[in-house]
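The values are calculated or read from the model by the stated rules, or taken from the named source; none is laboratory data. Here the structure is a predicted model, which is why all the values come from computation and not from measurement. We place every Cβ from the backbone using ideal geometry, glycine too, and count neighbours over all the protein chains shown. SASA here: full protein model, heavy atoms, side chains in, ligands and nucleic acids out. Shrake-Rupley method; radii C 1.70, N 1.55, O 1.52, S 1.80 Å.
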2 protein chains.
Amino acid sequence: MVGAGQLARMTYQAGISLGISLKLLAERPDDGAALVASDVELGSPDSYDALSSFASSCDVTTFDHELVNAEHLRSLERDGHCIRPSADVVALVQNKRSMRERLDRLGFPVPPYRAVSGLAELLAFAERHGWPTVGKSIRGGYDGRGVWVLEGPDAAESLVQTASGAGIDLLVEAFVPIERELAIVVARRPGGQAVAYPLVETVQRNGICHELLVPARVSPVLAEQARDLGLAIAEAIGVVGILAVELFVAKGRLLVNELAARPHNSGHFSIEGCQTSQFENHLRAVLDWPLGSTDLLAQAVATVNVLGGTESVEPLDQLPEVLSDPGVRIHLYGKQARPGRKLGHVTVLAADLESALSRARRTAAGLVRSSAVEVAS
Amino acid sequence: MVGAGQLARMTYQAGISLGISLKLLAERPDDGAALVASDVELGSPDSYDALSSFASSCDVTTFDHELVNAEHLRSLERDGHCIRPSADVVALVQNKRSMRERLDRLGFPVPPYRAVSGLAELLAFAERHGWPTVGKSIRGGYDGRGVWVLEGPDAAESLVQTASGAGIDLLVEAFVPIERELAIVVARRPGGQAVAYPLVETVQRNGICHELLVPARVSPVLAEQARDLGLAIAEAIGVVGILAVELFVAKGRLLVNELAARPHNSGHFSIEGCQTSQFENHLRAVLDWPLGSTDLLAQAVATVNVLGGTESVEPLDQLPEVLSDPGVRIHLYGKQARPGRKLGHVTVLAADLESALSRARRTAAGLVRSSAVEVAS
């Protein structure tokens, strides 16, 4: 696995059960997964040499992030390395413009969008779809980075200037009135066998995924549509491994927001919440093994991310306190606390979503000694 | 953790979630846990120097087996190291004579027994309690090794000769008509907080634990008695960490068979079957953190061990085949296949015990390509 963050860390854990020797390509020795894994190679995912030597030592190469040079991956594929998901899929998901265009062409519902090469095009788009409008960096954005809500022409002008100075290509999208955010996580094998996880409702704050609620509080019809959409996109783009499809509900309709072709934050509930976690199914998919059941093990599952607070509090030091709730499942990623950094997550299985969520929130807050947010409906 | 077998391997996995840096003292670099852990020291658990240098690098030292010199542990405790469970508890559980005498004195139900120093004492015991009688090595036996069912005086004589030649001290126990074998797994903190896991029914073959059925098919009254017994023994001997109490049901009554003061095979179902696994609770207990819920997550859970067969079949190679049952949870220990060796286990959560057991059996058999045994009631 290229990358050694928390996704690799949790994938590594899943691999231990199956007896899989998961080797990691880590940038730094203190990356979350590098701290716990026995077989770690240090190297940059940007370096062709590092990728090539790494892939040569693996039967299958997969990823915990999309920040890899897709051209390098194409070369590795030409050299006969098994890259899953493929270079094409990685290229697609790391470029918001290609992703939007491809989904649009395939007939999947996306918000109105346009790649803009200057202020005039941006203003013309906003003229047509109204303010505010949403500017996005075509490459490299995640966790809310690379996304700007533009209230009017002044903000647009300033963004275009900054972007042009920094060499950032921009996409602009209509600002849609989001009723809910959802995610459907799918695992797919090379031959096409695929399974979808129960639909997740995600709660974002400042562009960062904060909370997962399962099952999502939507109608069975919408849940079914989301499931079908996730499976159809996975098939259409030919992903292998986990595909997370982030969705908006706007005016009662589903719109595709983002794709991630790797284990994803929105699937973390599956570790305890489902028969088979997204991490295990990612491994099974990229190894072309039969996929595991995604059945939910409780009536309700809530997952809350642990984000570094303003105080420098080490979550590990808070465990003796927060573990006093005997039913909370805590995951710490081995990262040093910094404000806003994802340091871990907490999952609670319960009979109802409200109690699962309030307990997970209390625990996640306790881990960074901030005050828990009340549960809103 | 001293020892790096499968118990350490699964404890290591549990530690990753909590962000615990679990260091291992392994005898060999290819020990199951040493293969997957990042921080492994090589050394013998018999060597005082190895233990002392290892304990010096840890906040708390614990064990994945009992084959440690308890006197060494006493010295380490005197030097101020935190050893959990304590040297006293390790000494107790590694000596079947002390264990029997202690439990007997405390009023816990044990089969009639006697430590014998020669054939005459053994024959006198058998005279009183009848043949067959059971000879046991006072130290070092596990997985059926060190236990002999003696049909009559000839077998007894031959055992006494062999034992005396090998320097083995013997205990003799009345052969009890076993109706069922059970295990109650308890986690206990230094201050006394303790939790019991749901009662397990164990199925042994040739002295090796083969199958776990949860909940055990016994009356609620007996299950409650077993639970109370487990908690009472944990408290009486002052164990810290996991204590597994193996029990017989004979003539409708519970008898204590063996104790293990560490995560134990009979608790493996808890990884997927319970809110908190025995491995996580072992870590929480030895770190003196609040213990996690032991609530069962399904109506029935069955675990079947994967034992090396006579053919040399690698379980890993069978995964693509056996994973076609989407709901089986497989654990492979990273060990090379050898006949009779515990290579892994399979757990199935289901609505009823019979289907859980038959699926777990089929998968476990498939992993070594032997034929599955039919489910008996």
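Rolling a 1.4 Å probe over the heavy atoms of the protein chains gives the stretch A:249-313 an accessible area of 26 Å² per residue. Treating each Cα of the stretch B:283-333 as an identical point scatterer and summing with the Debye formula, the log10 of I(q)/I(0) at q = 0.17, 0.23, 0.28 Å⁻¹ comes to -0.79, -0.97, -1.17. Say the cut-off is 24 Å between C-alpha atoms; which of B:LYS23/B:LYS96; B:LYS96/B:LYS335; A:LYS136/A:LYS342 go over it? Where the Cα-Cα span goes over 24 Å, the pairs concerned are B:LYS23/B:LYS96; B:LYS96/B:LYS335. Shape class of the stretch A:1-61 from the Cα gyration tensor (axes a ≥ b ≥ c, square roots of the eigenvalues): oblate, since a/c reaches 1.5 or more and a/b does not exceed b/c.
Built from the Cα atoms of the protein assembly as shown, the convex hull projects on average onto 34.1 nm², one quarter of its surface area. The simple Förster model, with R0 at 35 Å and r as the Cβ-Cβ distance, assigns B:GLU77 and A:SER355 a FRET efficiency of 0.20. Comment: the Cα-to-Cβ extended label point of A:SER370, at 7 Å, lies 5.4 nm from its counterparts in the other copies, nearest first. Chain B against chain A buries an accessible area of about 3100 Å², both chains summed, 1.4 Å probe radius. Computed packing ranks the peptides B:250-258, B:170-178 as B:170-178, B:250-258, most packed first, by mean other Cβ atoms within 10 Å. Computed over every Cα-Cα pair of the stretch A:1-139 and binned at 10 Å starting from 0, the pair-distance distribution P(r) comes out as 11, 33, 26, 19, 10, 2 percent. For the segment A:314-321, counting C-beta atoms of other chains within 10 Å of every residue's C-beta and taking the mean gives 3. For the stretch B:235-377, the orientation-averaged shadow of the C-alpha convex hull comes to 10.3 nm² (one quarter of the hull surface). The portion of the accessible surface of the protein assembly as shown made up by carbon and sulfur, rounded to a whole percent, is 47 (1.4 Å probe; DNA, RNA and ligands excluded). If you wrap the tightest convex hull around every Cα atom of chain A and split its volume per residue, you get 144 Å³. The C-alpha atoms of the stretch B:197-318 occupy a region whose extents along the principal axes are 46, 40, 28 Å, arranged from largest to smallest. Couplings for the stretch A:279-294, taken from phi via the Karplus curve 6.51 cos²θ - 1.76 cosθ + 1.60 with θ = phi - 60°, read 5, 5, 5, 4, 4, 4, 5, 6, 8, 6, 9, x, 7, x, 4, 9 Hz in order; Gly and Pro are left as x. The mean sequence distance of close C-alpha pairs (under 8 Å, at least 6 residues apart), as a share of the length of the stretch B:187-332, puts its relative contact order at 27 percent.
Each Lys and Arg Cβ is given +1 and each Asp and Glu Cβ -1; about its Cα centre, chain A then shows a dipole of about 340 debye. In percent, rounded to a whole number, the relative contact order of chain A is 13, using alpha-carbon pairs under 8 Å and six or more apart. Dividing the C-alpha radius of gyration of the stretch A:316-377 by 2.2 N^0.38 Å, with N its residue count, gives 1.09. Contact with the other protein chains removes 40 Å² or more of accessible area, compared with the isolated chain and a 1.4 Å probe, from these residues of the stretch B:10-28: B:GLN13, B:ILE16, B:SER17, B:LEU18, B:GLY19.
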